[in-house]
2 protein chains.
Amino acid sequence: MKPKITLKDIARELEVSISTVSKALKNSEEISRDTKDKIQAFAKLYNYKPNNIAVSLKNRRTKNIGVIIPDIVHHFFTTVIRGIEKYANAKGYNVLVCVSNEGYEREVINMELLANGSIDGFIMSLSTETQQKNDYNHIKEVTDQGIPMVMFDRVTDRINCDKVVIDDAQGAFLAVKKFVESGKKKIALITTDDYLSVGKDRTEGYKKALSHYNIPLEESLILKLPSMEVEASAFDTFFKTQEVDAVLCVNEIFAIHAMRLVHGMNKRIPEDISFIGFTDGLLSKFAMPSLTAIAQHGELMGEEAARMLIEKVETENEEETFSTTVLEPTLIERASTL
Amino acid sequence: MKPKITLKDIARELEVSISTVSKALKNSEEISRDTKDKIQAFAKLYNYKPNNIAVSLKNRRTKNIGVIIPDIVHHFFTTVIRGIEKYANAKGYNVLVCVSNEGYEREVINMELLANGSIDGFIMSLSTETQQKNDYNHIKEVTDQGIPMVMFDRVTDRINCDKVVIDDAQGAFLAVKKFVESGKKKIALITTDDYLSVGKDRTEGYKKALSHYNIPLEESLILKLPSMEVEASAFDTFFKTQEVDAVLCVNEIFAIHAMRLVHGMNKRIPEDISFIGFTDGLLSKFAMPSLTAIAQHGELMGEEAARMLIEKVETENEEETFSTTVLEPTLIERASTL
DNA sequence: TATTAACACGAAACCGTTTTCGTAACTTTT
DNA sequence: AAAAGTTACGAAAACGGTTTCGTGTTAATA
C-alpha cells in the first residue's frame, strides 16, 4: 500500500519549490538541465502521475466526453459507442457512458450530473420517453451553458446543435427498391408509432419508394406497433389476414419474429415471401435464413459524432454554427431476399 | 449563453462570504434562518449546482466508479454494465465505462488514466490478451495504491481482490446432465483454448460430468478453437468426422454456427442432435430452433460487483479482507434440446 | 568597473469547493 | 454591571495542480 505521490511530495523530498517540479516535469525551458534530470528521474522512480481532478479543476477542461444512450443492451448503440471510443481515445479523451434506460427522468439526472464539470461535451441519443414528452428543456439548459453537444440517431429539431443521423428514408427506399427489382408486389411494412423519429422517417421512405415505383399504397399493409416490444398477437393477425410477398421491418427483432411466424405457415423464404430488416446486427447475420439488412453504420456514426464534438470542444467558439451530417445506409444482401 | 454560477458569484451578489453561502446551501445550523432563506432562494433562482470537479478534489471522493470491459459490442458485458449502473446509480454513483478492446495496452492505459483521481474504485473483466500475457502488474499497482477493485467473470487468482464469477464448471455440468437425462451418449464440446479462464472451467465441468455419469471421455469429441472467432473449416471437419448426438458450446455463436451446419446435413434438431450454448443472449432466444442456454446472469453479476465495490469504497478500510461470490448458472430450456 | 541581459528558480494567485477556527455582537447569568 | 455563554458569520487553509511574475545570481556588454 503505497499512496499516490504529489508534486508537493517531490518538492519536499528534492528541496525545490512546487512550481519548479511542475515546470521540470513539463520540460520547461525555464529549468536547468540538471534540475530537470533530477526531478524527472525522481518522478519516474516513484511513478508520479498528475491528479486528473486537480488538472481538470485548474484547466477547466476534463478531457472527458459524456455519452448518454437509451439502452446499453442494444447492438446498434454499442457499435456507436465503439466508434466514439475509437476516435475519442485516439484524441486523448475519455468516454463517460450513462444510460437513460429509455426514461426521461434518468436522462435528466444523468445530464445534470455530468454537466456539472465532469465532461467537456455531450454525445447523446434521445430516450423514447423524452421523445414522447417532447420536452427538451434539460438539453437546452446544457447547450445554453455553452457545453458542446452532438446528437445522433434519435435527434430533434427543437434543439440547435450538431447532429449525425443516417438517412432512414433512403434506407427504406433501398429496401423497397430491392423488393420490386426482384419482382415483389405486395410489400408490407412493420414499424412503430410515429413519435419515434426513426419509425416516422422509415415509413416515409417506404411510401415514397412505393409511389416512385407506381405501386399503390395500401395502409392495411402497414403494421404499426405501439412500442419496440414484439406483440405476438398483432403479428399473428397481420399475417393471417394480409397477403404479402415482401416485408420490411424497422428492426431485427420484428423481422426475426415475422420470419419464424411465416416459416411456421409453410411459406418459403425468400421465394414466397422476402424479408429485410433495419440495423444490421448479430441477429441478422445468424438468423435462419440470414436476414438481408439495412446497415446503419453505427461505428462510423460514433466516430463522426466524436469528431464533431471534439472539433467544437477544442476551438474557441467563435460563431455558433451547427451542421448535421447524414450518413448513407447500405443494403447488406443475405438469404432472406432473392 | 449563461455560464455556470459559482459560490463566489452568489457571495458577491448577496454580500456575504463564500463560507456562509456554502453552509447555507447545506442547511447548516450555524446560519440564521433569514440568511439561509435568502441564499437558498437566490441559488435556486440561478439554478446553482456545485461543481463536481471541485467537490471531488476537496473531498477526495469522486462518486464515480470505473468499469473496464474487453468489448462493449457483446451482450453479456452489456448486461453486466446494466446491473452495475442499476445499483451504482441508486447509490448516487456514476459509471465510467472504458473498453480495453481485448488488448493489454488499452487496458493498461485506461486503468492508469482512471486511476489518477477520476474514480473511487474499479470493476473489471480481463482482456484476453492480458490473460495470455499473464501480466497483471498494472492491476497490482492500482490495488497497491489502495484503490478498491472488483473483478468479474474473467478473473485471475494472481490478484488479491473481491471477485464475482459464475460457476462455469457447474454450468457445463448442468448441460451434460440435461443431455444424458434425455438419452444422449455422444456428447461433444466446442470450446476455446485454455488460456481463457472460462474455457478452461467449462471444459473441466464437462469432463467432471461425463465421469459422474460414467460416460467415457473421448478427447476427439472436444473441438478446441484457438480464439473466439468462428473457424468454419474446423467446424466442417469436426462434424464430418465425428459421430455426435449432443453438442455443448462455450458461446452462442459457436452453437448457432454448428446448428446451421448440422441443419445443412439433414439432421433433425433436437432429435438427432441436441445443442446447448453458454451465455443466454439474444441469439439463443431468436435462433431457429431456439437454443437451450446456460444463463450467466450478467445483470445480477453487475449488481453484485457494484455492491461489493461500493461497500469497500465507503468503509474505512480496516482489515484487508477479500471475498469472491460465486453465482449459480441456470439452464434455460428451449427447442434445441429434448 | 558599472550596467545590462540571461538564467534559474520561488512566491503566490487561482480553479471551486469544504471545513476548522476565530470573533464581534448580543444575550444571559450572578 | 461584569463575566460567561450564544449566535451568526468571516478568514483562511486545504485539495493538487498550472502559470504569471518577481528576483537573486551569474555572465555579457559598454
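Observations on the structure shown:
- Residues satisfying the stated conditions in segment B:301-321, i.e. in contact with a helix residue (DSSP H, G or I) (Cβ under 9 Å, 6 or more places away or on another chain) and open to solvent by 20 Å² or more (accessible area, probe 1.4 Å): B:E303, B:E304, B:R307
- Cβ-Cβ distances below 9 Å connect the following pairs, each with a first residue in segment B:9-21 that is more than 17 Å from B:L45 (Cα to Cα), a second residue that is among the basic types (K, R) and within 9 Å of DNA strand C (Cβ to nearest atom), and a separation of six or more residues or different chains: B:I18/B:K8.
- For segment A:121-156, residues that are open to solvent by 20 Å² or more (accessible area, probe 1.4 Å), within 14 Å of chain B (Cβ to nearest Cβ) and in contact (Cβ under 8 Å) with a residue 40 or more places away in the chain total 2.
- Scope segment B:57-71; condition hydrophobic (A, V, I, L, M, F, W, C) and assigned to a strand (DSSP E or B); matching residues: B:I65, B:V67, B:I68, B:I69
- Of the residues making up segment B:313-338, those that are more than 18 Å from the chain's Cα centre (by Cα) and not in a loop (DSSP other than H, G, I, E, B) number 4.
- Qualifying residue in segment A:100-109 (condition: modelled with pLDDT of 95 or more and touching a strand residue (DSSP E or B) at 6+ places or on another chain (Cβ under 9 Å)): yes
- Options B:D71, B:D37: the member that is away from every other protein chain (no Cβ under 11 Å), more than 8 Å from DNA strand C (Cβ to nearest atom) and not polar (S, T, N, Q): B:D37
- Considered as a group, the residues in segment B:157-181 that are more than 14 Å from chain A (Cβ to nearest Cβ) and in a loop (DSSP other than H, G, I, E, B) include one that is least open to solvent (accessible area, probe 1.4 Å), and that residue is B:I159.
- Pairs where the first residue, in segment A:26-45, is over 15 Å from A:L7 (Cα atoms) and the second is surrounded by 11 or more Cβ atoms within 10 Å (Cβ to Cβ) and not aliphatic (A, V, I, L, M), C-beta under 7 Å, 6+ apart: A:E30/A:K23; A:I31/A:T20; A:I31/A:K23
- Residue match in segment B:47-55 (condition: of a type in the set (A, V, I, L, M) and either in contact (Cβ under 8 Å) with a residue 60 or more places away in the chain or more than 12 Å from chain A (Cβ to nearest Cβ) (or both)): no
- Helices (runs of 4 or more DSSP H) wholly inside segment B:206-300 that include at least 2 residues being within 19 Å of A:L282 (Cβ to Cβ) and either open to solvent by 60 Å² or more (accessible area, probe 1.4 Å) or charged (D, E, K, R) (or both): B:252-264, B:282-286
- Complete set of residues in segment A:86-120 that are more than 15 Å from B:N94 (Cα to Cα), buried (at least 23 other Cβ atoms within 10 Å of the Cβ) and away from chain B (no Cβ under 11 Å): none
- Annotation note: of B:I65, B:I69, the sole residue that is buried (at least 24 other Cβ atoms within 10 Å of the Cβ), within 26 Å of A:I109 (Cβ to Cβ) and out of contact with any Cys (no Cβ under 9 Å at 6 or more places or on another chain) is B:I65.
- Residue check, B:A54 part of a helix (DSSP H, G or I) and buried (at least 17 other Cβ atoms within 10 Å of the Cβ): no
The values are calculated or read from the model by the stated rules, or taken from the named source; none is laboratory data. Computed from a prediction, not measured in an experiment: that's the story for all the values here. Positions of Cβ are generated from backbone atoms using ideal geometry, with glycine treated the same way; all protein chains shown enter the neighbour counts. Just so you know, the surface numbers come from the protein's heavy atoms only, side chains and all, with ligands and any DNA or RNA stripped out. Shrake-Rupley method; radii C 1.70, N 1.55, O 1.52, S 1.80 Å.
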